[in-house]
Amino acid sequence: MSQILQIVRKRQSSRVPFDSERLVPRRDLKQILEAARWAPTAHNMQNFEIVVVDSKEVLERIGKINSPISETFIRENYQQLSFSKEEFLQRKVGILATMFPPEWRDPAKVHEVVAESKSWLLSETMEDCPVVLIVTFDPRRRAPASQGDFLGTISLGCVMENMWLVAQELGISFTVMSVFSAELVEKELKQLLNIPEYLRIAFAIRLGYPASTTAKYLRVRRDLAMFVHDNRFGNRWYTPSHTTSSVSIRADSHSKKKTLRT
Ligand SMILES: Cc1cc2nc3c(=O)[nH]c(=O)nc-3n(C[C@H](O)[C@H](O)[C@H](O)COP(=O)(O)O)c2cc1C
């Protein structure tokens, strides 16, 4: 397996408390930001600005921001949950219900959870991380003719993945925090961090090192044959097992050399 594919496969979300005293070295942070810099973006628009927060005082202030739980989130979250490991392994998509508070795991209790309309502090999501990266974009700009800035949004995903892979290679844990883009949270963050009004927060990332080393996740993915179609949608794509990755990787490196020569 190619080295890059190994990193791609090892990359994971790290939803455990971090060691707040173990800082991410600046040189590593710089490499992660370099990865963002070189991410592909539609029309090379480079449609992002990143705020790095590693000041303890600012992190604490962010942690005190309240994040209301969205009813839509809770209702739609259920659809992605597996309620046992067996179900998870069989479905091969979504997430394990055990990642959420017990009352969120019972579809019959959705009304109660919503009615209580609890909120939580961002510190509960940040879980002692020593660094947060906040990725923002300018919604007034868009890739040419891109409806709803669809291409701009994909570009932000490329920025995320580039940073994630480099963090993975550096042994730095990484979790996406979508809640930072929730309307009320975003409003407070923008004030606190002096982010211009016209920018939107796309997502935030927590970086650091787990406080303990025990976290292991069960991660599932669909088999290739479940989503790859051979020439015509519905025809299952099939590769004999002995040729799977090596053939396509060799083909890639050939074409790369060709590009370099021309
Ligand atoms: C656009 C996007 C938003 C995400 N938002 C969150 C989030 O808010 N909280 C979280 O814990 N994980 C978040 N994730 C991580 C996914 O849940 C995770 O990648 C997926 O469950 C697969 O697990 P893995 O990353 O360990 O392979 C997000 C991922 C993406 C790409």
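Touching a residue at least 60 places away in the same chain (Cβ under 8 Å), within 18 Å of Glu49 (Cα to Cα), assigned to a strand (DSSP E or B) and not hydrophobic (A, V, I, L, M, F, W, C), is that true of Thr136?
yes
Hey, among Pro68, Pro25, which residue is away from the ligand (no atom under 15 Å from the Cβ), open to solvent by less than 80 Å² (accessible area, probe 1.4 Å) and either farther than 20 Å from Phe203 by Cβ or touching a Ser or Thr at 6+ places or on another chain (Cβ under 7 Å) (or both)? Walk me through it before giving the result.
Details: Pro68 fails: away from the ligand (no atom under 15 Å from the Cβ).
Exactly one of Pro68, Pro25 is away from the ligand (no atom under 15 Å from the Cβ), open to solvent by less than 80 Å² (accessible area, probe 1.4 Å) and either farther than 20 Å from Phe203 by Cβ or touching a Ser or Thr at 6+ places or on another chain (Cβ under 7 Å) (or both), namely Pro25.
Could you tell me whether any residue of the stretch 34-55 is over 20 Å from Val135 (Cα atoms) and not in a loop (DSSP other than H, G, I, E, B)?
No: the stretch 34-55 contains no residue that is over 20 Å from Val135 (Cα atoms) and not in a loop (DSSP other than H, G, I, E, B).
Within the stretch 80-128, track down each residue that is of a type outside the set (Val, Ile, Thr), modelled with pLDDT of 85 or more and part of a helix (DSSP H, G or I).
Scanning the stretch 80-128 gives Lys85, Glu86, Glu87, Phe88, Leu89, Gln90, Arg91, Ala97, Leu122, Ser123, Glu124, Met126.
Return the residues of the stretch 30-45 that are under 17 Å from Leu151 (Cβ atoms), in contact (Cβ under 8 Å) with a residue 12 or more places away in the chain and open to solvent by 90 Å² or more (accessible area, probe 1.4 Å); say none if nothing qualifies.
Passing the criteria: only His43.
Results for (1) within 16 Å of the ligand (Cβ to nearest atom); (2) more than 19 Å from the chain's Cα centre (by Cα); (3) among the β-branched types (Val, Ile, Thr); (4) over 30 Å from Arg141 (Cβ atoms), shown as yes or no for each residue.
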position: Ser2; (1), (2), (3), (4): no, yes, no, yes
position: Ser13; (1), (2), (3), (4): yes, no, no, no
position: Asp19; (1), (2), (3), (4): no, yes, no, yes
position: Trp38; (1), (2), (3), (4): no, no, no, no
position: Glu60; (1), (2), (3), (4): no, yes, no, yes
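Would a scan of the stretch 97-110 turn up a residue that is open to solvent by less than 10 Å² (accessible area, probe 1.4 Å), in contact (Cβ under 8 Å) with a residue 24 or more places away in the chain and in contact with a Lys or Arg (Cβ under 6 Å, 6 or more places away or on another chain)?
no
Scan the stretch 145-153 and give yes if some residue there is within 13 Å of the ligand (Cβ to nearest atom) and at pLDDT 95 or above, otherwise no. Quick ask: steps written out before the conclusion?
Let us first name the residues in the stretch 145-153 that are within 13 Å of the ligand (Cβ to nearest atom), namely 153.
Narrowing further to those that are at pLDDT 95 or above: 153.
So far as the stretch 145-153 goes, yes, one or more of its residues are within 13 Å of the ligand (Cβ to nearest atom) and at pLDDT 95 or above.
The values are calculated or read from the model by the stated rules, or taken from the named source; none is laboratory data. Just so it is clear, the structure is predicted and the values come from calculations on it, not from any experiment. Neighbour counts run over all protein chains shown; Cβ positions are idealised from the backbone, glycine included. What goes into the accessible areas is simple: the full protein's heavy atoms, side chains included, and nothing from ligands, DNA or RNA. Shrake-Rupley method; radii C 1.70, N 1.55, O 1.52, S 1.80 Å.
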